[in-house]
Structure formats: C-alpha cells, structure tokens
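Here's the structure we're looking at; comments come further down.
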Number of protein chains: 2
Amino acid sequence: MSRMAHPRLPGQPKPPPTLADVAELAGVSRQTVSNAVNNPDLLRADTLARVQQAIQQLGYLPNRAARNLRTRASHLIGLRIQPVQEGTANALMDRFVHALVDTSREAGYHILLFTADTKPADSDAAAPVVDPAVARLGDTVAPVDGAAGYDDLLRSTAVDAFVVTDTYVSNPPVAWLRERRAPFVAFGRPWDDPDARHPWVDVDGAAGAELATTHLIEKGHTRIAWIGWRKDSWIGEDRRSGWVRAMRERGLSTTGMASRVEDTVASGRTAAAHLLDEARPTAFVCASDTLAMGVFHTLNERGLRPGDDVAVVGFDDSQVAQTVPPGLTSVRQPVEQVAAELVKALEALLAHPSYVGPGVMLTPTLHVRGSSGPDLR
Amino acid sequence: MSRMAHPRLPGQPKPPPTLADVAELAGVSRQTVSNAVNNPDLLRADTLARVQQAIQQLGYLPNRAARNLRTRASHLIGLRIQPVQEGTANALMDRFVHALVDTSREAGYHILLFTADTKPADSDAAAPVVDPAVARLGDTVAPVDGAAGYDDLLRSTAVDAFVVTDTYVSNPPVAWLRERRAPFVAFGRPWDDPDARHPWVDVDGAAGAELATTHLIEKGHTRIAWIGWRKDSWIGEDRRSGWVRAMRERGLSTTGMASRVEDTVASGRTAAAHLLDEARPTAFVCASDTLAMGVFHTLNERGLRPGDDVAVVGFDDSQVAQTVPPGLTSVRQPVEQVAAELVKALEALLAHPSYVGPGVMLTPTLHVRGSSGPDLR
DNA sequence: ACCCTGCCCTGGATCGATCCAACATGGTAT
DNA sequence: ATACCATGTTGGATCGATCCAGGGCAGGGT
C-alpha cells in the first residue's frame with residue numbers, strides 16, 4: 001500500500017550518503033562527523049577540514065528523519081491556513097505566509113501548512129473502527145471544535161510548534177493549545193484574556209485607523225465616516241477606536257457617522273449609500289479594503305469619483321488597493337516584522353519551554369494613493 | 001524505562017505514547033499494534049478491537065520521525081513559493097496553495113513551503129568552511145541557479161517529492177530535478193520540451209482567451225484589442241493565440257489591435273491609451289487582471305466607464321476582479337482541479353517511480369461581471 | 001620516569017516504528 | 001497419533017543521527 005518500502009529500481013535516484021559513509025571516507029568515527037556538523041569547535045582544525053572535505057565530496061546532508069527521531073524535534077512549524085474568501089480583498093495571509101517562510105527559514109525552520117478540514121487527515125490509526133461505541137468511549141482527547149488539525153500534528157510529533165493566526169476570529173485553538181501545553185506563538189493579541197501566558201505579536205489597529213483619519217483631517221476633511229465590522233469583532237472595535245480618538249482629538253463629531261457591518265463588498269456599498277444620504281460625509285475610513293471597495297461601488301453608481309469627490313481609506317493594503325484606479329489609500333500591516341518577531345519568540349519558546357515573552361505590538365503605516373483626494377484647502 | 005532518560009519537567013507536555021505503550025496496554029506485541037494500524041485485515045477481529053481500544057484510550061498516533069526513518073518517506077511535498085508581487089493583481093498562488101493543501105491532505109500528505117532565497121537554509125553542514133577552495137572543489141552537486149532550495153530538501157530527505165509551479169517563468173528547476181531523478185509533478189506544461197517525461201497539469205490559456213473573446217463578440221463587439229505579455233512568454237503567446245483564433249473564426253481583423261508589454265498596471269495603462277488612440281477598439285481582452293486594471297486606469301482618466309463605454313476582460317479571476325466596480329469579467333483557472341490532478345499524479349509517481357503520466361490539460365471558465373458591458377445589439 | 005590533566009576520538013546504546021524470519025495455535029489430512 | 005497447513009503472533013534487527021561513558025594520546029608538572 002501507500003507505505004511500501006521503495007526498493008531501489010534501476011531508474012531511481014541513488015540513496016543519499018550517510019554519516020557513516022562520510023566517516024569512512026574521512027577516516028574518522030561517526031561521532032566525529034556528527035561533531036563536525038553540530039559542534040565544529042570540538043574538533044582539531046585539521047580533522048575538521050578533512051571531515052568537511054569528505055562532506056563536500058559526498059554532498060552529505062544529515063537525514064532529517066533520523067535527526068528528528070533522535071533529537072525529538074522536527075524543525076517544522078505548523079500553520080493552519082484559512083480558505084480564501086472569494087469576493088473580498090483580504091490579501092494579508094498571502095504576504096504573511098511568505099514572510100513567515102522566509103524568516104523561519106533563516107532560523108532553520110520550515111513551514112508546514114494544514115487546514116481546518118474536518119476529515120481526519122492521517123487516520124491510519126482510526127481506520128475501520130469495528131465498534132463505534134469503543135471509539136466514542138476512548139476518545140477522551142478528541143480534537144474538538146476549533147482545534148481541528150492541530151491535534152494530529154501534535155500527537156504524531158510532526159511539528160515542533162504552531163503559529164496561530166486566527167486568534168481574532170475565535171479562540172478555540174489557543175485555549176486548546178494552551179491546555180495541551182503545546183508550544184505556539186500567536187499573530188494577534190489575546191483579546192479575551194489580557195494576561196495570557198503565550199507569546200504573541202500584533203499590529204495596532206487603532207493606531208492604523210487613527211493614522212488614516214488624521215491623514216484625512218489634515219487634508220481638510222471634517223465629516224469623516226467610519227465603516228467597520230460588527231460589534232462582536234474585537235479587531236473591528238479596536239480599529240474603530242482609532243477613528244474615534246482621532247476625531248475627538250480634533251473636536252470633530254462622530255455621531256451618526258459610523259456603520260458596523262459584515263466584511264463584504266455588498267455591505268460596504270449599502271453602508272456607504274446610507275451614510276452618504278444621511279450624514280453626508282466627505283470622506284470614509286474603512287476597517288478593510290473590502291469595505292472600501294464597497295464605498296467605491298456606491299460612488300461609482302452615483303457618478304462620484306473616489307479621491308476627487310469623496311475621499312476613501314482602506315485597511316490592509318491589498319492588491320486591490322494597489323491596482324484599482326485611482327489607487328486606494330490604505331493602512332499596511334508590517335507583516336514582515338510580525339513574522340520576524342514571531343520567529344524570535346518561537347526560538348525562545350523552543351529553547352525554554354516555559355518562556356513567557358511580552359506581547360509585541362507593532363505600528364502599521366499608511367500608504368497614500370489617489371483615493372485620498374487633493375488637499376481641500 | 002526508555003522514557004526515563006528525559007526527566008519530564010513540570011511545565012512540559014507529556015511525551016506522546018509509543019507503539020510499545022499501546023502493545024503493553026493491549027497485551028500484545030509491538031508488531032501486532034503496527035499491523036492493527038497499517039494492515040488491520042491481518043488481525044483477528046477481537047484482537048483488532050482490543051488494540052484499537054488501547055489506541056483510542058492512549059490517544060496514540062505513530063511517531064512521524066520514526067516512521068519516516070524506517071519507511072524512507074516523509075509524506076511531505078515541497079512547494080516553492082514566489083515572493084508576492086506588489087502592485088499586481090495576481091492572486092492565483094493563494095488559491096492554488098490552499099487547494100493543494102486540502103487535496104494532498106486527503107492523500108495523506110502535507111505541504112512544506114520554501115522559498116528561492118539564496119542563503120543556504122540548513123547550512124549546519126556547510127558551517128565555517130575553512131578553505132574556500134575545498135568547498136568549490138567538492139561542490140559537484142551544488143544547487144545551481146533556479147534550483148535553489150530544492151537541493152537541501154532533497155538531500156536531507158525532508159520531502160518525498162515536489163510540486164513545481166514556476167515552469168512558465170523559466171525551467172531550471174525542472175531540468176535540475178529531472179537530472180537528479182527527483183520525483184516531482186508540475187503545474188504548467190513543459191513548453192520547451194514537448195516530450196518531457198514528468199507528469200504535468202496545466203490550464204488551457206488559449207481556450208480561456210478564446211472564451212473571453214467569443215463572449216465579447218457575442219455581445220456585438222467587432223473591434224476587440226489584445227493586451228498581453230512579451231513575446232518571450234510562452235503563456236502569453238498561448239493566451240494570445242486564443243484571441244487570434246476567436247477573431248479569425250468570425251472574420252474579424254486583428255491587425256494593429258494587439259500590444260505586448262510587461263505584466264504591470266502601468267504597462268497596461270499605456271498600452272490601452274495607445275490602442276484607444278490608434279485602433280479605437282470597443283473592447284479589451286487582457287492576459288491578466290493586472291493589465292486589465294491598467295485599462296481601467298486609462299478609462300478612468302478619460303472619463304470612460306468600463307462596461308458601459310468600453311468592455312474589458314481580464315485573466316485569473318483575482319480578488320481585484322471580484323471587488324472592483326463594476327466587477328471585472330475574468331477567466332478563472334480551475335486550480336482545485338489542478339491540485340486534484342497533481343496529487344493523483346503524485347501518488348502514482350511515488351508508488352511507481354518510473355511513472356510517466358500523460359499531461360493533463362484543463363479548461364478554464366469565464367466569470368462574467370459588469371466590465372463586459374451590455375449587449376450592443 | 002611517573003602521573004595527571006585536557007583534548008579528541010571511539011564504540012555501543014538509543015530514539016520509535018517497521019521489516020523479517022521464526023514460532024505458537026488450532027484445525028485438517030494421513 | 002503424527003505430519004501439515006493457515007492464520008496470527010513474537011522477538012530481534014534495522015533505518016541514520018545523536019547521546020553517553022570510556023579510552024588514547026600529547027604535553028606539563030614533580
């Protein structure tokens with residue numbers, strides 16, 4: 001079946017050299033080669049050179065599986081990815097994943113992807129259970145709700161740790177991982193538990209929204225509307241608070257200027273229409289580029305031009321923001337920095353399992369494009 | 001006993017149960033447990049049930065490292081990802097990666113990401129090379145040019161196979177992998193070598209462009225321009241040929257109606273401006289959504305409305321196409337099918353290393369949105 | 001000449017699952 | 001009653017790198 005040994009057929013790549021091969025060629029013992037690889041400073045210079053020569057000559061690289069087995073570490077980091085949301089402009093994950101792959105690579109780690117799919121992935125063990133009652137009975141550690149996928153990887157020691165990114169949607173994975181004492185770091189602060197003991201990195205959404213709002217105020221706008229997410233979204237409320245802060249600071253009114261909706265283009269469009277009719281704003285700050293595109297739709301229908309007639313600012317600096325005419329001004333999260341901080345925390349955590357780092361809060365930047373419009377004064 | 005070596009620290013997760021633990025609990029030998037997991041039909045029903053009960057009770061899952069070491073397979077598939085291209089609308093990879101993770105999971109594989117970074121990733125072995133001449137001398141199998149990253153993973157037996165996606169940019173990885181006899185499947189046909197022996201899956205770009213062009217013709221357009229990629233892009237020329245085919249079929253002229261540029265918004269914008277001035281098309285078919293957004297820019301500058309005044313069709317059905325007003329009609333690649341076919345080929349390849357599957361060609365679909373405009377007749 | 005220290009190096013055991021060949025068990029043919 | 005077979009089960013060896021305890025050797029002190 002799937003796991004059959006691969007007998008070396010004629011057309012097959014030759015097996016990679018092993019530590020023993022290198023040792024024989026260099027005329028030393030295995031341990032010496034191992035030291036040359038892992039603790040070069042333990043060897044005399046000439047021995048080291050000889051071993052390295054042999055390593056180069058054979059193109060030797062340690063067998064991952066053997067090393068993993070012995071050291072009880074896989075040097076793999078698990079990352080659960082969300083399904084791509086069709087019809088939205090959310091491109092954050094894409095950039096983040098890339099940054100994470102790059103950064104963790106420099107630290108000697110690779111990223112292993114998995115999804116929240118319900119079907120048991122590696123269900124060799126759970127194959128045909130004869131008596132369903134038995135399965136239910138013994139299933140004391142079943143992967144519940146949001147922890148889908150994490151469990152298998154952890155139990156099979158496939159990964160050393162996890163990077164959790166969906167802390168803002170809901171927190172079951174975090175709670176589950178914490179309870180399991182599984183090593184993980186989070187992109188996203190622990191909203192519901194301010195003194196959570198796991199390392200996390202987040203971007204200050206309030207600062208981002210404030211940046212956006214202040215930018216518009218400085219252009220001369222005074223009637224600036226907010227379109228954000230529903231009240232049960234911590235991130236949404238956080239970003240909204242930045243808008244409120246900026247407005248209050250300049251003594252501008254926020255009453256009737258805010259709308260909280262689903263994160264879809266259609267919702268943004270409807271919200272923009274209502275706001276334009278009732279509050280008559282000259283500018284919009286949105287919790288996402290998706291919502292901002294909703295505003296674009298409404299403006300488009302009414303023959304208004306983003307930028308020239310009504311200013312619009314989005315959030316996340318998606319590809320949409322970068323390419324749509326006349327360019328959508330947007331708040332950009334420094335995902336590269338996030339990845340760097342996460343990996344740093346990860347290394348600390350794996351070195352000292354009890355590590356409790358301080359949460360790291362990063363500040364986003366504003367990318368100004370045409371939709372900001374001209375200065376009004 | 002065996003586990004005594006590592007004194008369990010207070011705050012540490014308890015080590016997962018092993019095969020031996022299960023065997024002891026179930027009162028059978030290790031091999032019997034192994035059989036229960038891998039060849040359940042070899043056991044008597046009652047024994048199987050007893051073992052499975054023990055497995056459930058302990059929450060046992062085979063240790064990956066040990067299994068990998070013994071079976072010489074990691075059940076990991078390597079995927080090299082490209083840096084996100086800022087300022088473009090290319091969102092294909094995002095969807096593809098997700099589809100691939102999902103599909104390969106069902107086949108018992110996980111996806112391992114890596115990048116084309118130049119720095120040696122896992123350079124334990126290559127640490128401080130004393131004599132640079134030595135390194136160069138022995139470096140007979142150095143990872144050259146486009147194969148960066150593949151080499152380490154292969155030599156360290158970290159992955160079983162690769163999925164290669166960048167065959168259209170240039171082919172060094174493919175040539176390198178083939179020469180190495182490394183197992184891989186490609187998303188993208190082998191343009192330069194029609195009788196390449198590796199499994200591949202691709203999407204018929206010509207058919208996609210033809211679909212788009214025909215759609216516009218049926219709306220009543222006769223002057224349909226093409227904005228594509230430079231002539232050295234196989235994919236670009238392939239897509240272009242679909243436009244030519246559709247035009248010729250209806251006896252429509254293509255002279256002066258085509259432009260070949262870089263894949264950037266700015267290029268698309270310039271190309272659209274020139275074409276509008278000289279060839280006066282009423283519709284554009286573009287090789288990418290990025291270029292289509294360039295057309296949008298030009299229309300926007302001239303006070304023209306996509307859809308109502310000039311029809312535009314893009315390629316890849318990016319998030320931009322889905323969210324920009326009034327919606328950009330676009331050709332969508334069936335990446336989910338691509339992933340499914342790739343995984344199918346991968347399984348065949350890993351089961352029979354000499355497997356040479358037929359290339360699989362899939363047909364894209366057209367997603368019609370506002371930018372198609374109304375019927376002209 | 002002796003011992004001791006420090007530096008390298010060595011062989012054997014180990015991680016956990018699987019492969020292998022041999023063995024137990026119950027039932028059937030001789 | 002003995003030989004035989006099929007079905008299940010068993011302990012030992014194995015994959016390749018690392019951990020561990022012990023051993024060889026040169027140089028310095030007495």
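The values are calculated or read from the model by the stated rules, or taken from the named source; none is laboratory data. Keep in mind it's a predicted model, so treat the numbers as computed, not measured. Reconstructed Cβ throughout: ideal geometry from the backbone, glycine too, with neighbour counts over all protein chains shown. To get the accessible areas, we keep the full protein, side chains included, count just its heavy atoms, and leave off ligands, DNA and RNA. Shrake-Rupley method; radii C 1.70, N 1.55, O 1.52, S 1.80 Å.
Across B:Val37, B:Val310, B:Val97, mean-square fluctuation computed from a Gaussian network of chain B (C-alpha pairs under 10 Å connected) peaks at B:Val37. Among B:Glu210, B:Glu347, B:Glu106, the largest mean-square fluctuation in a Gaussian network model of chain B (Cα springs under 10 Å) belongs to B:Glu106. Label-point distances for B:Pro194 to the equivalent site in the other copies, using a point 7 angstrom along Cα→C-beta, read 7.1 nm when ranked shortest first. Across identical copies of the chain, B:Asp41 has label-point separations of 5.8 nm, listed in ascending order, with the point defined 7 angstrom from Cα along Cα→Cβ. Taking the Cα centre of the protein assembly as shown as origin and assigning +1 to Lys and Arg Cβ atoms and -1 to Asp and Glu Cβ atoms, the resulting dipole is close to 820 debye. Taking amide H positions as modeled 1.01 Å from N, with prolines and chain starts lacking one, the residues under 5 Å from B:Arg260 and 5 or more places away or on another chain are B:Gly228. Restricting attention to chain A, close to 10% of DSSP beta bridges with both partner residues there are antiparallel.
For A:Thr255, the distances from its label point to the matching points in the remaining copies are 7.1 nm, ordered from shortest, with each point set 7 Å beyond Cα toward Cβ. From the largest down, region B:184-232 spans 45, 21, 15 angstrom on the principal axes of its Cα atoms.
Rounded, prolate or oblate for region A:245-366? Axes are the square roots of the Cα gyration tensor eigenvalues, ordered a ≥ b ≥ c, and the cut-off for rounded is a/c under 1.5.
Working: a/c = 2.87, a/b = 2.12, b/c = 1.35.
Since a/c reaches 1.5 and a/b is larger than b/c, the shape of region A:245-366 is classed as prolate.
Net charge of the neighbourhood of B:Trp226, taken over other residues with C-beta under 9 Å away and scored Lys/Arg +1, Asp/Glu -1, is +3. Region B:213-241 and region B:308-333 have Cα centres lying 14 Å from one another.
If only the Cβ of Lys and Arg carry +1 and only the Cβ of Asp and Glu carry -1, the dipole of chain A around its Cα centre is close to 560 debye.
Can you give me the % of accessible surface on the protein assembly as shown that is carbon or sulfur? Probe 1.4 Å, all protein chains present, nothing else counted. It would help to have the intermediate numbers written out before the result.
On the way: 17010 of 32480 Å².
Summing carbon and sulfur atoms, their accessible area is 52 percent of the total for the protein assembly as shown.
Springs between Cα atoms under 10 Å define the GNM used for chain B, and in it the highest mean-square fluctuation of B:Asp160, B:Asp316, B:Asp41 occurs at B:Asp41. How would you classify chain A from its alpha-carbon gyration tensor, with a ≥ b ≥ c the square roots of the eigenvalues: rounded for a/c under 1.5, else prolate if a/b is greater than b/c, otherwise oblate? Prolate, because a/c is 1.5 or more and a/b exceeds b/c. A dipole drawn for the protein assembly as shown from +1 and -1 charges on Cβ atoms has a positive end, and of A:Pro334, A:Phe96, A:Ala186 the residue lying farthest that way is A:Ala186.
Measuring between their Cα centroids, region A:345-377 and region B:11-72 lie 45 Å from each other. Each principal axis of the protein assembly as shown carries a Cα extent, and these read 78, 62, 61 Å when sorted largest first.
Run a plain Debye calculation on region A:19-62 (Cα atoms as equal point scatterers, no solvent) and give log10 I(q)/I(0) at q = 0.16, 0.25 Å⁻¹, rounded to two decimals, same order as the q list. The calculated log intensity ratios at q = 0.16, 0.25 Å⁻¹ are -0.29, -0.75. DSSP beta bridges confined to the protein assembly as shown are antiparallel in about 10 percent of cases. With the charge dipole of region B:268-377 set up from +1 on Lys and Arg Cβ and -1 on Asp and Glu Cβ about the Cα centre, the Cα lying farthest toward the positive end among the listed residues B:His352, B:Gly370, B:Val320 is that of B:Gly370.
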